[in-house]
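To keep things clear, I will list the structure first and then write my remarks on it.
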């Protein structure tokens with residue numbers, strides 16, 4: 001059974017049908033609070049922040065996401081010092097929708113860092 005890890009390191013089980021504690025937790029935010037968060041988040045210009053991040057970033061993007069344009073990840077990857085992209089035949093949450101593919105992409109990205117300056121410098 002796949003896992004999602006909470007910030008405290010506790011593994012939360014979830015199913016491929018999108019049911020379980022992880023989904024319960026993500027949907028427990030009151031609707032108006034979630035809306036305010038999304039409005040605030042979408043109004044931000046993240047370009048300068050992405051330029052300043054000094055650790056590798058993997059942009060995981062669901063090609064069928066209805067929240068972000070399909071090509072939104074391209075300029076973000078270019079701005080990141082050590083950026084990569086993983087594209088999935090999924091909606092906005094590939095980590096829930098295609099967990100095996102998502103996990104494989106994350107592991108591949110991490111493996112690609114072996115021997116890089118980022119890894120050697122202890123930034124990862």
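Every number in this text was worked out from the coordinates using simple rules, so none of it is lab data. This one's a predicted model, so the numbers in the text were calculated from it and none came from an experiment. Here Cβ is always computed from backbone atoms with ideal geometry, including for glycine, and neighbour counts include all displayed protein chains.
Estimate the FRET efficiency between residue 34 and residue 68 by the formula 1/(1 + (r/R0)^6), using the beta-carbon distance for r and 25 Å for R0, to the nearest 0.05.
Numbers: r = 16 Å, r/R0 = 0.65.
Efficiency, from the Cβ-Cβ distance: 0.95.
Over the range 61-111, calculate the relative contact order: mean separation of alpha carbon pairs under 8 Å at least 6 apart, over the residue count, as a percent.
About 39 percent, as a whole number.
Would you please put 73-84, 32-43 in order of how densely packed they are, using the mean number of other Cβ atoms within 10 angstrom per residue and starting with the highest?
The packing order, highest mean first, is 73-84, 32-43.
Say each of residue 78 and residue 44 gets a label point 7 Å from the Cα, pointing the same way as Cα to Cβ; how far apart are those two points in nm?
Roughly 2.2 nm, to one decimal.
For the range 33-98, what class follows from the C-alpha gyration tensor (a ≥ b ≥ c being the square roots of its eigenvalues): rounded when a/c is under 1.5, otherwise prolate if a/b is larger than b/c, else oblate?
oblate
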